[in-house]
1. For Lys160 paired with Val109, estimate the spin-label separation in nm (one decimal), with each label point 7 Å from Cα along the Cα-to-Cβ line.
2. Sticking with the crude label model, points 7 Å out along Cα→Cβ, report the distance from Arg188 to Ile127 in nm, one decimal please.
3. Please give the contour-minus-distance gain from Cys151 to Ala44: 0.36 nm per residue of separation, less the Cα-Cα distance, rounded to one decimal in nm.
4. Relative to the present Cα-Cα distance, how much length would full extension add between Ala8 and Lys137 at 0.36 nm per residue of separation?
5. I want to check the label-to-label distance for Ala196 and Val60. Put each point 7 Å from Cα in the C-beta direction and report it in nm to one decimal.
6. If you take the square roots of the eigenvalues of the alpha-carbon gyration tensor of segment 3-68 and sort them as a ≥ b ≥ c, do you get rounded (a/c under 1.5), prolate (a/b over b/c) or oblate?
7. Can you give me the relative contact order of segment 1-80 as a percent, contacts being Cα pairs under 8 Å and 6 or more apart?
8. As a footprinting exposure proxy, order Asp104, Asp161 by other Cβ within 10 Å, with the fewest listed first.
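Just so it is clear, none of the values below were taken in a lab; they were calculated from the coordinates. Just so we're clear, the structure is a prediction, and the values are computed from it rather than from any experiment. Neighbour counts run over all protein chains shown; Cβ positions are idealised from the backbone, glycine included.
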Amino acid sequence: MSKAGDMAEAYLNKLPDGERWYEHRKSICAGCPLNSKNGAELSALQKVTALVAKDGVCSVCGCPTERKTSVKHLECPDTPPKWTAVEAGGEDKALKDFSVSVEDPSLKVEAGKLNFVVSGGICKSEIYMVAFTIKTKLNVEVISTSSSCGCTKPLTTKTKDGEYLVTASVTKDKPSNYTTTVNVTFTRKNMKGKGALVTVPVLIKFKKTV
């Protein structure tokens, strides 16, 4: 299908709000530096599109992100893509191959339907730091780590045990109950096409002291 046909499908179909694959695609785009909402430069035509795109416009393809991400067979236009085409049930199954854990006793981890949730943290200084570990038996490597807002600075490092330690720093100038999503995208080695990329979304919830 042509790009025009793809976007016609995106506007004609109802947005799949609440679907895990759609929500984590949107979260990735929300934290992407190529999104106009994050200061990416746009062409004159893209600037017109941005006037009616509440979640921003991708500066690579010029599409409104909330619409581009809603079409299952499309993939992120960046190189390498930050998210790929979705097959029915594919990503939910892939997420079951991962687990998330924390060492901080004040934090707890839950596996939700749409993501993992790390909660219970309390911010007592100007910058809040949270760390969690992602484990998997799959043969993968990290290609990107992003967040749903510019105030969160996540970093992923591979440990000697083959696990993935994710640290995120969040500035304190936010409401008392604050949430942000960190997306860690893996690529499966020796695998190409659909299913090669897996994004693990982790929702971080914490409170700040006055």
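1. Using points 7 Å along Cα→Cβ, the separation is 2.1 nm.
2. Between Arg188 and Ile127, the label points sit 3.7 nm apart.
3. Working it through step by step, the gained length comes to 35.7 nm.
4. 42.5 nm
5. It is 1.3 nm.
6. oblate
7. 28
8. The order, fewest Cβ neighbours first, is Asp161, Asp104.
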